[in-house]
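Below is one structure, written out as structure tokens; the observations come after it.
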Amino acid sequence: MAAKAQFPADVGAEVAFAGRSNSGKSSAINAVTERKALARTSKTPGQTRLLNYFELEPGHRIVDLPGYGYASVRPEERKKWLPLLDALRERDSLRGLLLIVDARRGLREEDFALIDWAQPARRGVHVLLSKVDKLNQAERAAGLREASAALGSLASVQLFSAHAGLGVREAQNRMAELWGAATQGAKQQGAK
């Protein structure tokens with residue numbers, strides 16, 4: 001979406017996918033949704049340039065956010081994203097964030113800024129430590145331990161590899177839980 005007016009109606013439940021450029025976000029989206037080319041993958045970082053909404057089933061959407069970090073995107077184009085991201089954050093239907101972090105790089109300042117943007121007290125945040133197929137068992141364990149300690153209660157975290165299929169089911173379950181929180185919240189509001 002290039003403008004707030006193009007967003008779908010603010011009903012149902014949405015989970016946003018975000019990550020640094022080249023973190024494996026598009027591959028994660030395709031693996032978690034079990035669709036080979038829902039999000040386009042590329043070796044060139046920064047290919048997602050808009051907020052892309054995908055309705056996976058009635059009332060349940062994901063939002064593919066532009067990558068952040070070192071992507072070669074003009075500053076003027078980045079400035080256009082800010083009002084869209086602010087509008088997304090204000091939506092009642094936004095229930096959570098799946099943050100993709102390259103396990104070889106670890107969590108960085110920008111990742112924590114995005115977690116803060118998601119308002120973790122209001123929404124669930126789950127971190128996928130991606131590309132763990134490129135690490136040995138000891139490196140995976142150490143990366144998970146470090147990320148868990150750094151995140152504390154801000155977010156849950158897991159190991160993930162789109163290419164090896166590691167952690168896909170866990171990520172799917174977490175996304176369903178985030179969507180379900182919307183369903184549960186709607187039921188509770190209806191009961192009042």
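Each residue in region 131-148 was checked for being in a helix (DSSP H, G or I), surrounded by 15 or more Cβ atoms within 10 Å (Cβ to Cβ) and of a type in the set (A, V, I, L, M, F, W, C), and 3 pass.
One residue stands out among those in region 29-47 that are within 18 Å of Arg169 (Cα to Cα) and assigned to a loop (DSSP other than H, G, I, E, B): the one that is modelled with the lowest pLDDT, which is Leu38. As a summary of the residue check, Arg95 satisfies the conditions (1) under 13 Å from the mean Cα position of the chain (by Cα); (2) at pLDDT below 95; (3) among the basic types (Lys, Arg) except for the one numbered (2). Just name the residue that is modelled with the lowest pLDDT out of those in region 1-28 that are touching an Asp or Glu at 6+ places or on another chain (Cβ under 6 Å) and buried (at least 20 other Cβ atoms within 10 Å of the Cβ). It comes out as Ser23.
For every residue, the table says whether it meets (1) under 25 Å from Phe7 (Cα atoms); (2) modelled with pLDDT of 95 or more; (3) of a type in the set (A, V, I, L, M, F, W, C).
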| position | (1), (2), (3) |
| --- | --- |
| Arg49 | yes, no, no |
| Pro66 | yes, no, no |
| Leu85 | yes, no, yes |
| Asp102 | no, yes, no |
| Ala113 | yes, no, yes |
| Gly143 | no, yes, no |
| Leu151 | no, yes, yes |
| Ala155 | no, yes, yes |
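The values are calculated or read from the model by the stated rules, or taken from the named source; none is laboratory data. Only a predicted model underlies this, so the values are computations on that prediction, with no experimental measurement involved. Please note: Cβ atoms are built from the backbone with ideal geometry, for glycine as well, and neighbour counts cover all protein chains shown.
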